[in-house]
Amino acid sequence: MSFNGNGTHASTVRPLKPGIYAPIPSFFLPESEDLDIPSFENHVVRVATAGVGPLLAGSMGEAIHLSHEERVILIKTARKALDHAGLLNIPVIAGIGAGSTRESIDLANEAAAAGADYAIAITSGYFAGALAGDKKALKAFFQEVSSKSPIPVIIYNYPGASGGINLDSDLITELAIECPNICGVKLTCGDVGKLTRVAATVSDPMFSSLHPRTNKNAPFLVLGGFSDFLLPSAYSNGDGAITGLANVAPYAIVKLFELSEASIIDPSFLPEAQRLQGIVGRADATIAKASISGTKYLLQKLYGYGGHPRRPLPPIEPVVAEALWEHSHTQALVRLEQEVSGKVR
């Protein structure tokens with residue numbers, strides 16, 4: 001892979017395409033809390049085989065609990081596991097969230113050197129009291145990180161992980177227009193109206209010619225942060241989602257995305273897309289309430305690995321875990337995943 005004069009990739013071997021991506025959990029050994037590499041490798045290949053792209057060291061991956069060295073290990077491990085499984089064209093997205101702009105840029109450089117194709121950046125919430133109302137400072141963060149990153153950068157808008165900082169559609173649109181090394185946004189704010197407004201700008205046929213990306217293989221994608229509005233998103237020119245639920249039911253979420261896209265061209269697909277969206281939407285809301293520990297519990301239940309988060313994040317309480325598993329929304333999703341994947345547990 002070659003680099004151009006300002007340090008950014010001149011070409012990306014693995015294009016960033018519309019679709020489904022999953023923020024991969026980081027798995028830890030029970031006593032030491034060291035990285036559980038075999039479980040991580042297994043899971044990355046499992047979701048990628050279903051057509052889901054991996055995002056490492058994001059919120060679900062407990063990035064705040066990982067050292068720089070551990071993030072590099074996960075990126076190298078994922079790339080090696082994907083290549084070994086014959087999934088050479090699946091891109092790796094790496095989280096570069098940190099306390100300062102400087103550290104985010106350091107993480108971007110380390111991620112690129114480790115084999116990541118793309119980075120995703122979130123504003124630090126530690127000084128949210130000073131930053132939240134300062135549009136100029138928020139804009140400057142993404143401008144500087146994207147201009148100095150050797151790989152294209154996705155904007156990560158998640159108020160829950162950034163001290164309540166919530167980027168509005170005007171700011172995101174300005175960044176899309178002005179920053180050619182920004183290749184998308186993940187909207188974990190769950191704001192469908194915001195998605196619609198941003199998508200209306202970047203999906204305009206003139207956008208790519210007026211505002212070309214640094215990397216032609218990295219167009220500006222507008223991605224939801226949940227699975228519960230994939231169908232409406234498709235009709236608003238959205239590009240899919242980066243969703244934690246794709247860890248639990250990757251085949252079902254990919255199928256929902258495919259049906260949603262197909263229904264735009266052929267309305268006969270719409271009833272089935274609506275059926276899947278109902279199952280997925282209810283499950284997403286139910287499982288999201290159980291957070292990282294709930295997702296890990298379900299992976300343990302379904303696939304035999306998962307474990308606990310790193311302390312101080314607590315494991316799910318046994319009573320809560322049992323209720324989550326037995327919930328009708330969870331069971332409906334499990335049945336759908338078995339139906340779509342053709343596998344019976």
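Taking each DSSP H run with n ≥ 4 as -39500 (n - 2.57) and averaging over every residue of the chain yields -14500 deg cm²/dmol at 222 nm.
Between rounded, prolate and oblate, where does segment 138-204 land on the alpha carbon gyration tensor, with a ≥ b ≥ c its root eigenvalues, rounded for a/c under 1.5, else prolate if a/b exceeds b/c? Oblate. When both segment 26-44 and segment 267-331 are represented by their alpha-carbon centers, they are found 20 Å apart.
Please list Leu302, Leu256 in order of solvent-accessible area, largest first, computed with a 1.4 Å probe with all protein chains present. Let's see the in-between values first.
Values: Leu302 30, Leu256 0 Å².
So the residues, ranked largest to smallest area, are Leu302, Leu256.
Think of segment 206-345 as a dipole: +1 on every Lys or Arg Cβ, -1 on every Asp or Glu Cβ, centred on the Cα centre; then among Asn237, Leu299, Leu313, Leu313 lies furthest on the positive end. Descending by average beta-carbon neighbour count within 10 Å, the peptides 158-170, 177-189 line up as 177-189, 158-170, the highest first. Rolled with a 1.4 Å probe across the full set of protein chains, the surface gives Glu258 an accessible area near 100 Å². In segment 186-293, taking the dipole from charged Cβ atoms about the Cα centre, the farthest positive-side position among Ala283, Ser227, Cys189 is held by Cys189.
The values are calculated or read from the model by the stated rules, or taken from the named source; none is laboratory data. Everything numeric here is computed off the predicted structure, so don't read it as measured data. FYI the Cβ positions are ideal-geometry reconstructions off the backbone, even for glycines, and counts take in every protein chain you see. These area figures cover heavy atoms from the full protein model, side chains too; ligands, DNA and RNA do not enter into them. Shrake-Rupley method; radii C 1.70, N 1.55, O 1.52, S 1.80 Å.
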